[in-house]
1. Just a yes or no: is a residue in segment 37-53 at pLDDT below 95, farther than 16 Å from residue 7 by Cα and of a type in the set (Phe, Trp, Tyr)?
2. Taking interchain pairs and intrachain pairs at least six residues apart, which have beta carbon atoms under 6 angstrom, with the first residue in segment 62-88 and at positive phi and the second open to solvent by 60 Å² or more (accessible area, probe 1.4 Å)?
3. For segment 24-39, state whether one or more residues are under 28 Å from residue 125 (Cα atoms) and either aliphatic (A, V, I, L, M) or in a loop (DSSP other than H, G, I, E, B) (or both).
4. Out of the residues in segment 46-102 that are aliphatic (A, V, I, L, M) and in a loop (DSSP other than H, G, I, E, B), which is farthest from the chain's Cα centre (by Cα)?
5. Those residues that are among the hydroxyl-bearing types (Ser, Thr, Tyr) and either within 15 Å of the chain's Cα centre (by Cα) or more than 19 Å from residue 3 (Cα to Cα) (or both), I need them from segment 103-125; list them, please.
6. Any residue at all in segment 101-110 that's open to solvent by 70 Å² or more (accessible area, probe 1.4 Å) and among the polar types (S, T, N, Q)?
7. Among the residues of segment 29-47, is there at least one that is closer than 20 Å to residue 108 by Cβ, free of Cβ contacts under 8 Å to residues at least 12 places away in the same chain and charged (D, E, K, R)?
Amino acid sequence: QVQLVESGGGSVQEGGSLRLSCAASGGTFSRYAMGWFRQAPGKEREFVAAISWRYPSTYYTDSVKGRFTISRDNAKNTVYLQMNILKPEDTAVYYCAADRGGRNRPSKLSEYDYWGQGTQVNVSS
């Protein structure tokens, strides 16, 4: 029913910026909490950022605070992740996810119902 498609990934040098987009179709996007996760080789998928439908409010993992910004455009059914001052440790496949429960700050994989296929982000030093 709900499909999420990420885009905007690529390769960038340390200190550079990228903006990821996640286009959603189906469902009631404006009422979903949305999140970004990432998974590096040999690592478990980890929470990066989330944005609620209510208010909306945002929430970030400590390692990206001050560098990443999550936002959403409900008219376009799209969520964004602006990534600044990128570091090599940010290298990962980034996944967009939707929580139909509309939590304020979902940060666990189990709290999300729909997932995109991911987009690769490579940060070189």
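The values are calculated or read from the model by the stated rules, or taken from the named source; none is laboratory data. Computed from a predicted model, the values in this text were never measured in an experiment. Note: ideal-geometry Cβ built from the backbone for every residue, glycine included; neighbour counts use all protein chains shown. Just the protein is used for accessible areas: all its heavy atoms, side chains included, with ligands, DNA and RNA removed. Shrake-Rupley method; radii C 1.70, N 1.55, O 1.52, S 1.80 Å.
1. Taking every residue of segment 37-53 in turn, at least one turns out to be at pLDDT below 95, farther than 16 Å from residue 7 by Cα and of a type in the set (Phe, Trp, Tyr).
2. Once the first residue is at positive phi and sits in segment 62-88, no partner that is open to solvent by 60 Å² or more (accessible area, probe 1.4 Å) comes close enough.
3. Within segment 24-39, the subset under 28 Å from residue 125 (Cα atoms) is 35-39.
With the extra rule that they be either aliphatic (A, V, I, L, M) or in a loop (DSSP other than H, G, I, E, B) (or both), the set shrinks to none.
No, because not a single residue in segment 24-39 is under 28 Å from residue 125 (Cα atoms) and either aliphatic (A, V, I, L, M) or in a loop (DSSP other than H, G, I, E, B) (or both).
4. Filtering segment 46-102 down to residues aliphatic (A, V, I, L, M) leaves 48-51, 64, 70, 75, 79, 81, 83, 85-86, 92-93, 97-98.
Now restrict to residues that are in a loop (DSSP other than H, G, I, E, B): 85-86.
Working: 85: 16, 86: 15 Å.
Residue satisfying both the conditions and the ranking: 85.
5. Start the filter on segment 103-125 by keeping residues that are among the hydroxyl-bearing types (Ser, Thr, Tyr), which leaves 107, 110, 112, 114, 119, 124-125.
Listed by number, the residues that qualify are 107, 112, 114, 119, 124, 125.
6. Within segment 101-110 (the criterion being open to solvent by 70 Å² or more (accessible area, probe 1.4 Å) and among the polar types (S, T, N, Q)), the answer is yes, since at least one residue qualifies.
7. Of the residues in segment 29-47, the ones closer than 20 Å to residue 108 by Cβ are 31-40, 43-47.
Retained after the next criterion (residues that are free of Cβ contacts under 8 Å to residues at least 12 places away in the same chain): 44.
Still in the list and also charged (D, E, K, R): 44.
Within segment 29-47 (the criterion being closer than 20 Å to residue 108 by Cβ, free of Cβ contacts under 8 Å to residues at least 12 places away in the same chain and charged (D, E, K, R)), the answer is yes, since at least one residue qualifies.
Quick grid of which residues meet (1) open to solvent by less than 20 Å² (accessible area, probe 1.4 Å); (2) more than 16 Å from residue 68 (Cα to Cα):
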residue	(1), (2)
5	no, yes
9	no, no
14	no, no
20	yes, no
28	no, yes
41	no, yes
47	no, no
50	yes, no
54	no, yes
